[in-house]
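Read the figures in this text as sums done on the coordinates, not as results from a lab. Owing to the predicted nature of the structure, the values given are computational and were not obtained by experimental measurement. Because the Cβ atoms are built from the backbone with ideal geometry, glycine has one as well, and the counts that use them run over all protein chains shown.
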Protein chains: 2
Amino acid sequence: MGRAIQNELLAAMPRKAYEALAPALDPVTLVFGEVLYEADAPVTHVYFPCESMVSLLLPVEHHFDVEVGLVGSEGMLGASLGLGIAHSPVKALVQGAGSALRLSAAGFRRELARNPALARAVNAYIHALMKQITQTAACNRFHVVEARLARWLLMTRDRMRSSKFRMTHEFLSHMLGVRRVGVTEAASSLQRKKLIEYTRGNIHILDDRGLEAACCGCYGIAKVPAASALLS
Amino acid sequence: MGRAIQNELLAAMPRKAYEALAPALDPVTLVFGEVLYEADAPVTHVYFPCESMVSLLLPVEHHFDVEVGLVGSEGMLGASLGLGIAHSPVKALVQGAGSALRLSAAGFRRELARNPALARAVNAYIHALMKQITQTAACNRFHVVEARLARWLLMTRDRMRSSKFRMTHEFLSHMLGVRRVGVTEAASSLQRKKLIEYTRGNIHILDDRGLEAACCGCYGIAKVPAASALLS
DNA sequence: GCGCGTCTGTGCGCTACCGAACTTTAGAAA
DNA sequence: TTTCTAAAGTTCGGTAGCGCACAGACGCGC
């Protein structure tokens with residue numbers, strides 16, 4: 001346990017409270033493409049991503065799924081258990097492989113009951129997630145593909161803590177709910193402006209500032225505040 | 001207190017728990033156009049609509065606000081207090097005038113602490129609201145104006161418990177995040193199909209089944225379940 | 001080096017919706 | 001009755017994104 005706590009939700013808990021929780025946490029590696037929850041299916045475990053990233057998707061009839069939220073080390077999966085709801089409203093798909101901490105649903109409930117700091121952190125995160133989903137809703141409604149792509153890349157960078165990651169246009173098109181060609185057009189436009197570069201699934205953000213300027217204000221608004229701020 | 005409890009969230013609480021809460025509830029009349037909360041502003045009171053309806057709106061830069069949710073007698077406003085958050089992420093605008101029950105934020109917190117049935121009902125509603133917002137996000141992304149209008153009319157009917165209500169095209173256009181002309185076109189199409197009729201702000205749903213067929217599946221999915229089901 | 005599958009780029013006609021202006025009509029007020 | 005205003009209807013050019021189809025291009029395995 002000497003290492004830094006990599007999940008910010010856990011890191012923001014009082015030391016003692018975290019130490020009470022730590023033995024129950026099970027380190028796991030999330031693999032790309034893994035489905036943690038299906039939509040409306042039971043939540044058997046909660047996950048605290050450390051260096052991984054998970055998309056929240058909603059199935060829509062006659063369409064591919066749309067992404068409504070993105071969870072990384074700033075958050076958790078299965079927070080609805082904190083509301084006493086044992087099933088996930090959305091599908092959770094591992095988007096960036098990496099480490100996470102896992103806990104059984106029963107264990108999580110137990111910890112919530114005896115650990116008020118955890119309960120507070122979880123509640124605060126539920127609220128932050130609602131804001132994120134709300135903002136995404138508005139953004140998807142009003143903003144052009146290029147701006148939304150820029151936002152998505154920045155959100156991914158924040159959660160992966162890296163400006164290089166793997167992601168094909170095909171995949172991005174599902175995330176943004178547009179055609180693959182739409183992504184190709186937006187991505188090559190961003191590349192022409194020297195904001196990113198990419199080849200065959202390897203994306204590299206070259207100019208963070210420029211990319212922020214290319215995306216809509218939603219990025220700044222929906223940025224999940226540091227967990228420490230959540231608890232203040 | 002002999003009358004039926006008109007807010008379903010309250011009605012679903014155990015009799016004893018409700019009776020403990022009832023004296024603190026302050027009957028108020030919400031007037032059309034009243035703003036209960038501004039976005040990101042403090043929540044001073046919570047509201048349980050009885051025969052009124054309130055829109056949840058998100059401000060978007062360079063645009064009118066977009067609606068992300070709709071609250072009627074099946075829900076409440078200010079539920080985020082149940083998460084320990086004292087400000088509203090969205091703007092709450094009274095959409096359908098009518099009666100509601102009001103409670104101060106402090107009083108609500110007090111009741112939550114001593115009344116587990118209320119806490120459970122509130123948590124369940126928060127979850128239902130998240131689902132509604134999520135579904136709205138996806139619906140706004142994929143479905144055509146006519147289907148979204150049909151959905152909105154049905155949701156309004158459910159919350160107002162009436163198939164007649166007042167609502168101008170101008171106003172609807174803000175709710176749906178489209179031009180007024182877009183609403184006019186969609187509405188006259190629905191009228192031509194004899195599903196609704198309207199004149200100068202008076203809308204009348206003629207054919208519920210037909211209207212449900214004209215709208216997307218989102219309506220059925222995002223329908224907030226009866227509060228009694230929420231608690232089961 | 002060859003073949004093949006995956007990823008990316010291009011072209012084309014089409015539709016829903018936009019922005020902006022203008023007209024008509026219902027109904028309340030004078 | 002006349003006047004006035006808010007609501008609803010119409011028109012028109014423009015565009016973002018769609019569906020579909022196909023063409024290169026990179027990289028891996030053999």
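Okay, here's what the table says:
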read-out	value
Ratio of the Cα radius of gyration of the protein assembly as shown to 2.2 N^0.38 Å, where N counts its residues	0.99
Whole-Hz ³J(HN,Hα) from phi, Karplus 6.51 cos²θ - 1.76 cosθ + 1.60, for segment A:30-40, glycine and proline x	8, 9, 3, x, 5, 9, 6, 9, 8, 4, 6
Teacher prompt: residue A:193 distances to equivalent labels in other copies, 7 Å Cα→Cβ, nm	3.9
Residue order, fewest to most beta carbons within 10 Å, for A:80, B:173	B:173, A:80
7 Å along Cα→Cβ, label-point gaps from residue B:24 to other copies, nm, shortest first	2.8
Chain A Cβ-axis minimum, rotational copy B, residue and distance in Å	A:137, 2
Average other protein chain Cβ within 10 Å of Cβ, residues B:137-146	6
Highest-fluctuation residue, A:56, A:21, A:77 considered, GNM on chain A with Cα pairs under 10 Å	A:21
Among the listed pairs B:91/B:164; B:164/B:194; B:164/B:193; A:91/B:91; A:131/B:91, those beyond 22 Å (Cα-Cα)	B:91/B:164; A:91/B:91
Order of B:18, B:37 - criterion: other Cβ atoms within 10 Å of each residue's Cβ, fewest first	B:18, B:37
Shielding score for A:123-136, defined as the mean number of other chain Cβ atoms within 10 Å	6
Positive-end residue, segment A:116-214 charge dipole about Cα centroid, Cβ charges, pick of A:177, A:162, A:152	A:162
Span from the segment B:1-73 Cα centroid across to the segment B:108-139 one, whole angstrom	12 Å
Per-pair calculated FRET efficiency, R0 = 41 Å: residue B:204 and residue B:40 via Cβ, rounded to 0.05	0.65
Gaussian network model of chain B, Cα within-10 Å springs - most flexible of B:97, B:41, B:119	B:41
Position residue B:84, label points 7 Å along Cα→Cβ, spacing to each other copy in nm (shortest first, one decimal)	1.8
Label point distance in nm, residue B:11-residue B:191, each placed 7 Å from Cα along Cα→Cβ	3.3 nm
Which of B:19, B:51 has the fewest Cβ neighbours within 10 Å, and the rest in rising order	B:19, B:51
10 Å Cβ neighbours from other chains, averaged over peptide A:79-91	4
Electrostatic dipole magnitude of the protein assembly as shown [Cβ: Lys, Arg +1; Asp, Glu -1; Cα centre; debye, to 20]	200 debye
